[in-house]
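The values are calculated or read from the model by the stated rules, or taken from the named source; none is laboratory data. Predicted model, so just to flag it, every value in this text is computed and none were measured. Cβ sites come from the backbone with ideal geometry, for glycine too, and all protein chains shown count toward neighbours. Areas reflect the complete protein model, heavy atoms only, side chains present, ligands, DNA and RNA absent. Shrake-Rupley method; radii C 1.70, N 1.55, O 1.52, S 1.80 Å.
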Amino acid sequence: MKLVILAIAAWVLTGLIAVLGVTAGATIWFYMEPVVDSVPDPASYFVAVTVGFLALFLSFMISIAITVHAVQCNARQNIR
């Protein structure tokens, strides 16, 4: 049961990272839209986007791994 709760928490965290990433992107776009093409985009924006996608990808992989582990453990307990 604890692994199921851990798997649910991992998926909630992945969803939270996705929602916060979209919110951060929308905030950056809101402030950058008036000056699009008039000033170059700072390199830090590209770094932030790359790191955000990396964090989302890693969280997604961890969520899958925890879910698979929880299913395997539950399957072993049901066999006994």
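Quick grid of which residues meet (1) farther than 30 Å from A75 by Cα; (2) in contact with a Leu (Cβ under 8 Å, 6 or more places away or on another chain); (3) aliphatic (A, V, I, L, M):
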{"site": "L3", "(1), (2), (3)": "no, no, yes"}
{"site": "G15", "(1), (2), (3)": "no, no, no"}
{"site": "A26", "(1), (2), (3)": "yes, no, yes"}
{"site": "E33", "(1), (2), (3)": "yes, no, no"}
{"site": "S38", "(1), (2), (3)": "yes, no, no"}
{"site": "F46", "(1), (2), (3)": "yes, no, no"}
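Determine which member of the set S59, S38, S44 is over 22 Å from M1 (Cβ atoms) and more than 24 Å from the chain's Cα centre (by Cα).
Details: S59 fails: more than 24 Å from the chain's Cα centre (by Cα); S44 fails: more than 24 Å from the chain's Cα centre (by Cα).
So the residue among S59, S38, S44 that is over 22 Å from M1 (Cβ atoms) and more than 24 Å from the chain's Cα centre (by Cα) is S38.
Every condition in (1) open to solvent by 100 Å² or more (accessible area, probe 1.4 Å); (2) among the hydrophobic types (A, V, I, L, M, F, W, C); (3) modelled with pLDDT under 90 holds for F57 except the one numbered (3). Just to be sure before I move on: is S38 assigned to a loop (DSSP other than H, G, I, E, B), small (G, A, S), exposed (fewer than 13 other Cβ atoms within 10 Å of the Cβ) and out of contact with any strand residue (DSSP E or B) (no Cβ under 6 Å at 6 or more places or on another chain) in the structure I sent? Taking the combined requirement at face value, the residue satisfies it.
Could you grab me the full set of residues in segment 4-27 that are of a type in the set (S, T, N, Q) and open to solvent by less than 50 Å² (accessible area, probe 1.4 Å)?
If the condition is that a residue be of a type in the set (S, T, N, Q) and open to solvent by less than 50 Å² (accessible area, probe 1.4 Å), then T14 is the only one that fits.
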